[in-house]
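The structure appears below as structure tokens.
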Amino acid sequence: MEFTKTPGWLDWYAGPSRPAFKLPAGAVDAHCHVFGPGAEFPYAPERKYTPCDASKQQLFALRDHLGFARNVVVQATCHGADNRAMIDALVHSHGMARGVATVRRSVTDRELQEMDEAGVRGVRFNFVKRLVDFTPKDELMEIAGRVVALGWHVVIYFEAVDLPELWDFFTALPTTIVVDHMGRPDVSLPVNGPQFELFVKFMTEHPNVWSKVSCPERLSVTGPKALNGERNAYRDVVPFARRIVDTFPDRVLWGTDWPHPNLKDHMPDDGLLVDFIPHIATTAALQTKLLVDNPMRLYWPGA
Ligand code: 0GY
């Protein structure tokens, strides 16, 4: 099937620079996606955007270029609950990728079991209104109750202003919870202001909550511009991500978010994104937890 990309939507950045920061051996890119290719894995009819294709081969080439060993491929909303493209990437990764799926309550136990065998380890609940239509919370709770038996976790994606309303639902989930992109704080507000304090409280009071300290390119107001010619892009996001890494070093993950859906203003150089890491995880010990120990514990326990 032929698909036409949503107008204004930027293509992912071909030819990323080589990072100056050398990733620790065994580093995991714990948040990335594949898109299609649409001719092989059609985009979902209910999607809110049509991306440009971003194949598993291109994802694996980026992994090798940047120096990662493994990927966690997260189901993107443009594929709805049709997980075939993501699962195909897992199956062709030779065990070097795990997945996070989107499922509906109609999913069968057998389908969940097959996903588990392919390497799926979680489901994603998305509350970002521009990306998805509303799914009733009782349906999501029912799904969480089923996947807990498989040892899976729930990935949640929401915006900071919505955390108060979602709090009771999130804190009732029976699984480990992984928050995408620190719950999307407004980084023009103070890092110790009420909005981000609520997120810190969420993690402090609930030891089953983890956070991806990823996506500075989406959160940043100052943008990719570096100071003094250094590779220090997205500086306004640093205090937020650094606070989470320093406070919860054993419950943080990092990912590129390649191929960066829905970006219109600028498309990040993934090499520059990797160079963001030492600004938020400032010691070798923190970097190893963020990039190796934590994702391995969650996605490849015992490996
Ligand atoms: C991300 C962020 C976004 C999109 C999706 O599944 C998706 O379509 O997650 C976004 O637009 O903020 O993590 O990929």
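Suppose the filter is modelled with pLDDT of 95 or more, in contact with a helix residue (DSSP H, G or I) (Cβ under 8 Å, 6 or more places away or on another chain), under 27 Å from Met86 (Cα atoms) and not in a helix (DSSP H, G or I); does Arg146 pass it?
no
Within the bounds of the stretch 50-62, is there any residue that is hydroxyl-bearing (Ser, Thr, Tyr), surrounded by 17 or more Cβ atoms within 10 Å (Cβ to Cβ) and away from the ligand (no atom under 16 Å from the Cβ)?
yes
Taking the condition crowded, with 24+ Cβ neighbours inside 10 Å, in contact with a Pro (Cβ under 6 Å, 6 or more places away or on another chain), β-branched (Val, Ile, Thr) and not in a loop (DSSP other than H, G, I, E, B), does Val237 pass?
yes
Assuming Thr6 fulfils every condition listed in (1) away from the ligand (no atom under 12 Å from the Cβ); (2) surrounded by fewer than 17 Cβ atoms within 10 Å (Cβ to Cβ); (3) of a type in the set (Ser, Thr, Tyr) apart from one, which condition is it?
Every listed condition holds for Thr6 apart from (1).
Please enumerate the residues belonging to the stretch 12-71 that are on the phi > 0 side of the Ramachandran plot and touching a residue at least 40 places away in the same chain (Cβ under 8 Å).
Gly26, Gly36, Gly67
Within the stretch 146-161, restricting attention to residues that are in contact with a Lys or Arg (Cβ under 7 Å, 6 or more places away or on another chain) and aliphatic (A, V, I, L, M), which residue is surrounded by the fewest Cβ atoms within 10 Å (Cβ to Cβ)?
Among them, the one singled out is Ala160.
Looking at this structure, is Met115 in contact with a His (Cβ under 9 Å, 6 or more places away or on another chain), surrounded by 15 or more Cβ atoms within 10 Å (Cβ to Cβ) and not hydroxyl-bearing (Ser, Thr, Tyr)?
For Met115, the condition - in contact with a His (Cβ under 9 Å, 6 or more places away or on another chain), surrounded by 15 or more Cβ atoms within 10 Å (Cβ to Cβ) and not hydroxyl-bearing (Ser, Thr, Tyr) - is not met.
Would you check if there is a residue in the stretch 90-100 being modelled with pLDDT of 95 or more and in contact with a Pro (Cβ under 7 Å, 6 or more places away or on another chain)?
No.
Table: residues versus (1) within 16 Å of the ligand (Cβ to nearest atom); (2) under 29 Å from Trp9 (Cα atoms); (3) without any contact (Cβ under 8 Å) to a residue 60 or more places away in the chain.
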residue	(1), (2), (3)
Ala233	no, yes, yes
Asp250	no, no, yes
Leu253	yes, yes, no
Trp258	yes, yes, no
Met267	yes, yes, no
Ile277	no, yes, no
Ile280	no, yes, no
Trp300	no, no, no
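Those residues that are assigned to a strand (DSSP E or B), within 12 Å of the ligand (Cβ to nearest atom) and farther than 15 Å from Trp152 by Cα, I need them from the stretch 69-127; list them, please.
Listed by number, the list holds a single entry, Asn126.
Find all pairs meeting these conditions: Cβ atoms under 7 angstrom apart; at least six residues apart or on different chains; first residue within the stretch 200-214 and touching a residue at least 40 places away in the same chain (Cβ under 8 Å) and among the basic types (Lys, Arg); second residue in a helix (DSSP H, G or I) and crowded, with 16+ Cβ neighbours inside 10 Å.
Lys212/Asp180; Lys212/His181
How many residues does the stretch 235-246 hold that are touching a strand residue (DSSP E or B) at 6+ places or on another chain (Cβ under 9 Å) and more than 16 Å from the ligand (Cβ to nearest atom)?
Total meeting the criteria: 2.
Please count how many residues of the stretch 162-191 are surrounded by 20 or more Cβ atoms within 10 Å (Cβ to Cβ) and of a type in the set (D, E, K, R).
2
Of the residues that sit in the stretch 240-289 and are part of a loop (DSSP other than H, G, I, E, B) and among the charged types (D, E, K, R), which one is farthest from Leu198 (Cα to Cα)?
Asp269
The rows are residues; the columns are (1) away from the ligand (no atom under 16 Å from the Cβ); (2) surrounded by 11 or more Cβ atoms within 10 Å (Cβ to Cβ); (3) not small (Gly, Ala, Ser).
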| site | (1), (2), (3) |
| --- | --- |
| Gly193 | yes, yes, no |
| Phe199 | yes, yes, yes |
| Lys212 | no, yes, yes |
| Cys215 | no, yes, yes |
| Leu219 | no, yes, yes |
| Ala226 | yes, yes, no |
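The values are calculated or read from the model by the stated rules, or taken from the named source; none is laboratory data. Only a predicted model underlies this, so the values are computations on that prediction, with no experimental measurement involved. Every residue, glycine as well, gets a Cβ built from its backbone with ideal geometry; the counts of neighbours run over all protein chains shown.
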